[in-house]
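Single-structure report; data block below.
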C-alpha cells in the first residue's frame, strides 16, 4: 500500500554506504557454515568419543549422503537459472525402477541399466524445460506435474512392488567401495568438482546466474535464455536419474517408496548452501558443506538416541531458517 | 498558497549515519499546510533518506521530528500513518489486475465493509469520493487498473493516499517521490493539477522530481540537498532552472555541446520495418551520427528500437547493419550484428540486481576473457575498472552488488556494458530517465564519445529538449510513423517539436 515504505524503494542516500556490520576476514558470515560443521563434529566427538569420530561412521555418512548430495546438485542447477525442479525425487525413483527393471525384465547388461535410466531422466528434463520455456508453464507447476507422471510410471511398471530379481553382483559393486572409500561418494565428488567449475569458472555459469537474476535483461543482452533453461532441466533430470542408478546399486533393488523423502533434504541443503561461502547466492561448495552439516547433525543426534522422527523435523526447520537467511527478511541484514 | 505560521510537519537538525558514512548532516525542513514543497538534489544527496526519516523508517542519530510544533520522539511507520503522513513512492505499489475500487479500498483496509463480506457498493462510493476529492472524474472505480494510463494510475495512488480525508481524519502531509518520471508532458500536467488540488485542501505536499522546470512552476518552496547537507531552502519565486541546477550540483552545469564528428557511411538502415504500434518505417543512420527520435507515448518510438534490437518480433520489413541483413526478433542475432540496446526500463530489462557491478558490465560478452573452460577474472576486473573510470561509475568497486548503486550510476554502467561491445549501432531508450543533472550530462558525453568513434546512434527520449540538444538530426514519430525530420535540431524550438508530435 502507498503509505508503507517498500524495501525496493531506492534509497539514494544509503545506497553508497559501505557494507555495514559485516565481519572481515575470519569473522565474515560466509565462513559460519564451516565453523558450524567443525563445531558439530567436535561436539558429538566429545559426547560419543567411541562411536562418532570413527572411520566407520565417516564412511557410513559419506555413503549415505552421496545420493542426497547428488540430488541437491540436481536441484541446484535449474535453481541458479531461477527455476524450481520438483520432479527430481520422482525421477530418481523412476530411474531406480528402470535400472533394476532392466535386469528383472530384460536380463540386460550392466551398462544398459546405467545408460537407459539416465536417458529417461534427461528426457523428463527435456519435457520440463520445454514446458517451462516454450509452453510457458510456471516451473513449480510443470515439474510437480511431470514428477507425478514419473512416479505414476514407476508404480505402473512395478505395480507397487519392489524390483529385486536378477540383479548381478557387478551392478551392486558400483554401489560398494574402493579401498575403503565408498564409490557413491566418489561419483558425488566428481559431480561436485564439475559443477563447481562450470558454475564458478565458466561463462555458462555466469549466464545462468544472470538468467536467474533477471531473465528479461538476460534475453536482451543476447544470452540464449531458452536453450540454457532447457539445458538446466536436462542436466537436472540426468543427475537425478544417475543418483537413482547409484541408489539402486547401493540397495540392490528398485523401491518406488524411496524417492519422495529425499526431496526436502535436497531443498534444505541447497538453500542452506546459499548462506555459506557466497551469502545469498546458491553455490556448489556451500551446498556440499550444507549436506555435510545436516548429515553430521542428524548422525550425531541419532547416536545420542534421539528418535528417528527428529530428522525430518530438523530438516524442515533448517530449510525455513536457510530461506529466511538467503531470500527472506534477514537476507538484507546479512548481505549489507 | 504559502501560508505563514506554524508548519504542519517539520524536521530539525536531522543527522543520519550509516556506519561511518553521513547520509544527512544537520538538515532541517519545514512544510506549511497547503504548501507544495519541492525537495531536490542529485542522486545520493539524501532526499530519500530524509523521506524515510519522515516516514519513521529510519530513526535519526540527532535532530527531531515536529508535527504541529509538537516533538514526536519515536516516529514509526505506523505512528506516521496515524499522524496523517502519506507517502507515494516512485513505484507506487498498485495492483494492475485489480479494479480501481479495490486498489483504493486496500489502502483503507476495506473500512466500508465487514470482515466477512466486501460491501461492493460502499467501497465503490468511497473510491468515487476519494477520486473526485482530488478532481479526478474520468476514472471509473470499476475498471481494471491495468487498463488505465500511467498518469491515471498515479492519480489512483494519490486518491488512495489521501482518502482518509473523507473519513474525517486529518491528513497533514503527502510526499510524492518522482510521480511523473515516466509520463509524457500533457499527462504529467494532469498530475500537477491533482497535486494543486491536494494542497488546496490544506495538506502539505513534499514533491521530489528531477524534472526541474515543471517543478518550479508547481512548487511554492524549494529545499535543495547536496551530499547530505542543506544547501538552500527558499521560495521558488525568482528561481530559474539553471540556478536550481547549479545549487544541486554545486558547480556550473555544462550544457551539452553538439557533436563535432562527421557522419560517415550508412551503418543502420531499416526498410519498411513494421510491428506492434509501428507502421512501415524506413530510416538510415550514418556512422558517427546521433539521430534523435521524438514522439509521445504510444507513437511507436520504443517499438521502433525494440524491433531493431530484436526484442520484439517484426511483422515485416528488414533491418540492415552495414548492408548485412539482421535476422528479426532475436536479441542475440542483433547483438552479433553489432547492435547494442539500452532498454527503457532499467530495473526490469537491463539490470542484474543481485550480481556484481563487474558481472553486470561483462555479462553480455565474455569472449575477451574466456578460454575454452574458464574466465580470466583478473583481466576481466582490469577491463571493468577501466570502464568504470571512463564512464565515471561510482563507486569504483567492481564487486559491489548492482542493486546498491544509485539510478544514475546504474544507467552509466549499462551504457558501459554496451560500449564494451564496440557496437556499430547503439540504441538508447530514455537514457536519462530518473537521472540527476550531473549524471545526465555525463551520459550525454558518453553517447557523444561513442558516436565520435563511428557508432551510429539512435536515441529515444520523451524530453524533447534533450533530443534536440543531443542529436544531429531528429525524427518526429506520430501514430506509428515518421511524421517529419528535423534536419537542424540546434536551431529548432522545443515547442515546435511538441507541436509536430501532437502535444500542443
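The values are calculated or read from the model by the stated rules, or taken from the named source; none is laboratory data. Model, not experiment: these values are computed from the prediction. Methodologically, a virtual Cβ is constructed for each residue, glycine included, from the backbone with ideal geometry; neighbour enumeration extends over all protein chains shown.
Values for this structure:
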| item | result |
| --- | --- |
| Subset of the range B:161-191 [free of Cβ contacts under 8 Å to residues at least 60 places away in the same chain and touching a strand residue (DSSP E or B) at 6+ places or on another chain (Cβ under 9 Å)] | B:191 |
| Failed condition for residue A:140, given (1) surrounded by 16 or more Cβ atoms within 10 Å (Cβ to Cβ); (2) within 19 Å of the chain's Cα centre (by Cα) | (1) |
| Residue selected from the range B:365-383 under the condition over 22 Å from residue B:338 (Cβ atoms) and at pLDDT below 80, by the criterion surrounded by the most Cβ atoms within 10 Å (Cβ to Cβ) | B:374 |
| Conditions (1) within 12 Å of another protein chain (Cβ to nearest Cβ); (2) in a loop (DSSP other than H, G, I, E, B); (3) more than 30 Å from residue B:404 (Cα to Cα); number of the one not met by residue B:333 | (2) |
| All positions within the range B:459-485 that are closer than 14 Å to residue B:289 by Cβ and either surrounded by fewer than 21 Cβ atoms within 10 Å (Cβ to Cβ) or not assigned by TED's automatic domain parsing to the domain that holds residue B:445 (or both) | B:473, B:485 |
| Near pairs, Cβ below 8 angstrom, 6+ apart or cross-chain, from the range B:334-353 (free of Cβ contacts under 8 Å to residues at least 40 places away in the same chain) to any residue that is part of a helix (DSSP H, G or I) and surrounded by fewer than 20 Cβ atoms within 10 Å (Cβ to Cβ) | B:348/A:216; B:349/A:216 |
| Verdict on residue B:399 being assigned to a helix (DSSP H, G or I) and within 13 Å of another protein chain (Cβ to nearest Cβ) | no |
| Qualifying helices (runs of 4 or more DSSP H) (wholly inside the range A:202-305; at least 2 residues being in contact (Cβ under 8 Å) with a residue 12 or more places away in the chain and surrounded by 23 or more Cβ atoms within 10 Å (Cβ to Cβ)) | A:203-213, A:225-251, A:263-273, A:284-303 |
| Counted residues, the range B:82-95 - those being buried (at least 16 other Cβ atoms within 10 Å of the Cβ) and at pLDDT 85 or above | 6 |
| Qualifying residue in the range A:321-336 (condition: at pLDDT 85 or above and surrounded by fewer than 14 Cβ atoms within 10 Å (Cβ to Cβ)) | no |
| Failed criterion for residue B:424 (all others in (1) surrounded by fewer than 24 Cβ atoms within 10 Å (Cβ to Cβ); (2) touching a helix residue (DSSP H, G or I) at 6+ places or on another chain (Cβ under 9 Å); (3) over 28 Å from residue B:297 (Cβ atoms) hold) | (2) |
| Whichever residue in the range B:128-159 is assigned to a helix (DSSP H, G or I) and farther than 21 Å from residue B:89 by Cβ and, among such residues, is nearest to the chain's Cα centre (by Cα) | B:147 |
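Yes/no per residue for (1) assigned to a helix (DSSP H, G or I); (2) away from every other protein chain (no Cβ under 14 Å):
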{"residue": "B:352", "(1), (2)": "no, no"}
{"residue": "B:360", "(1), (2)": "yes, no"}
{"residue": "B:386", "(1), (2)": "yes, yes"}
{"residue": "B:409", "(1), (2)": "yes, no"}
{"residue": "B:414", "(1), (2)": "yes, no"}
{"residue": "B:418", "(1), (2)": "yes, no"}
{"residue": "B:433", "(1), (2)": "no, no"}
{"residue": "B:454", "(1), (2)": "no, yes"}
{"residue": "B:459", "(1), (2)": "no, yes"}
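Listed here are the residues, each with its yes/no results for (1) within 12 Å of chain A (Cβ to nearest Cβ); (2) surrounded by fewer than 19 Cβ atoms within 10 Å (Cβ to Cβ).
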| position | (1), (2) |
| --- | --- |
| B:158 | yes, no |
| B:163 | yes, no |
| B:168 | no, yes |
| B:172 | no, no |
| B:177 | yes, no |
| B:200 | no, yes |
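Here is a yes/no grid of residues against (1) within 24 Å of residue B:348 (Cα to Cα); (2) free of Cβ contacts under 8 Å to residues at least 12 places away in the same chain; (3) not assigned by TED's automatic domain parsing to the domain that holds residue B:196:
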| position | (1), (2), (3) |
| --- | --- |
| B:105 | no, no, yes |
| B:108 | no, no, yes |
| B:111 | no, no, yes |
| B:122 | no, yes, yes |
| B:128 | no, no, yes |
| B:139 | no, no, yes |
| B:144 | yes, no, yes |
| B:153 | yes, no, yes |
